[in-house]
Amino acid sequence: MRTWKFGDNIDTDAIIPGRYLVHYDPRKLASHAFEGTRNEFAGEVAPGDIIIAGRNFGCGSSREHAPIALLGAGIRYVVAGSFARIFYRNAVNVGLLPLVCPDTGSIPDGEECRVDLATMQITCGGRSYVVEPVPDFLLQIVKAGGLIAYARNLEEVETCTGSQQ
């Protein structure tokens, strides 16, 4: 998993420019991710790559398209010093896991990294970085594929449980 490094205050318009908000298809959005910010991203990103950023990642407009574009590009984790609150919730809601790590400045661009959710660490080039614990219910939402999938699973469990009585 290769890292793609960004600085502080990366806003949602930098992640997916506003002119592409007419699209909702994750792959179409991914083809324009970071256009005008880091133009090589859309053509070179690979499934499993990781975004590494500074503070306040995802600030700006409340657009669900930003985390959807990253998912469409194959990104599963965004690791940042901090997140804009609305981006954090939108990411979880669509199944993208935001991870808070105070040491993102030490992680180089292009580094091969591995995320271990069991230990809440990122390992890059032989160094480990601790990420803040993620509440279990948020992990369950992300693992389900987002809030809608999670809610559907709950409905199925309740339906099955109710029909057995």
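Can you pull out the chymotrypsin sites (Phe, Trp or Tyr not before Pro) in segment 1-63 that DSSP calls coil and that have at most 16 other Cβ atoms within 10 Å?
In loop regions of segment 1-63 (DSSP not H, G, I, E or B), the sparsely surrounded chymotrypsin sites (Phe, Trp or Tyr not before Pro) are Y24.
Using unit Cβ charges (K, R positive; D, E negative) and no other charged atoms, how large, in debye to the nearest 20, is the dipole of the chain about its Cα centre?
Here the size comes out at about 140 debye.
Could you work out the helix-only [θ] at 222 nm for the chain, with each DSSP H run of four or more residues adding -39,500 (n - 2.57) and the total divided by the number of residues, to the nearest 500 deg cm²/dmol?
Calculated from helices alone, the mean residue ellipticity at 222 nm is -9500 deg cm²/dmol.
Hey, if we sort H23, H65 by accessible area with the 1.4 Å probe, largest down, what's the order?
H23, H65
Going by amide H atoms built from the backbone, whose H comes under 5 Å of the H on Q121, apart from near neighbours?
Those qualifying (amide H under 5 Å, at least 5 residues apart or on another chain) are D116, V131.
Let a ≥ b ≥ c be the square roots of the eigenvalues of the Cα gyration tensor of segment 1-74; is it rounded (a/c under 1.5), or, if not, prolate (a/b larger than b/c) or oblate?
Details: a/c = 1.63, a/b = 1.06, b/c = 1.54.
It comes out oblate by the Cα gyration axes.
Search the structure for amide H atoms under 5 Å from the amide H of V79, placed 1.01 Å from N in the peptide plane, and list their residues when 5 or more places away or on another chain.
Under 5 Å from the amide H of V79: I51, I52, A53, L99.
Give the calculated FRET efficiency between E44 and T123 to the nearest 0.05, with a Förster radius of 22 Å applied to their Cβ-Cβ distance.
0.50
Count charges around C124 for me, please; just the other residues with Cβ under 15 Å from its Cβ, Lys/Arg as +1, Asp/Glu as -1.
It works out to a net charge of -2.
According to the square roots a ≥ b ≥ c of the eigenvalues of the Cα gyration tensor, what is the shape class of the chain, taking rounded for a/c under 1.5, prolate for a/b larger than b/c otherwise, and oblate for the remainder? Walk me through the numbers on the way to the answer.
On the way: a/c = 2.01, a/b = 1.32, b/c = 1.52.
Oblate.
I need the shape label for segment 60-144. Rule: rounded when a/c is under 1.5, else prolate if a/b > b/c, else oblate, with a, b, c from the alpha carbon gyration tensor.
The shape class here is prolate.
Rolling a 1.4 angstrom probe over the protein chains, ignoring ligands and nucleic acids, what is the accessible area of K5 in square angstrom, nearest 10?
Per-residue accessible area (K5): approximately 60 Å².
Given contacts defined as C-alpha pairs under 8 Å and at least six residues apart, what's the relative contact order of the chain, whole-number percent?
21
The values are calculated or read from the model by the stated rules, or taken from the named source; none is laboratory data. The structure displayed is predicted, hence computed values, not measured ones. No Cβ is skipped: glycine too gets one built from the backbone with ideal geometry, and neighbour counts run over all protein chains shown. Side chains included, ligands, DNA and RNA excluded: accessible areas come from the protein's heavy atoms. Shrake-Rupley method; radii C 1.70, N 1.55, O 1.52, S 1.80 Å.
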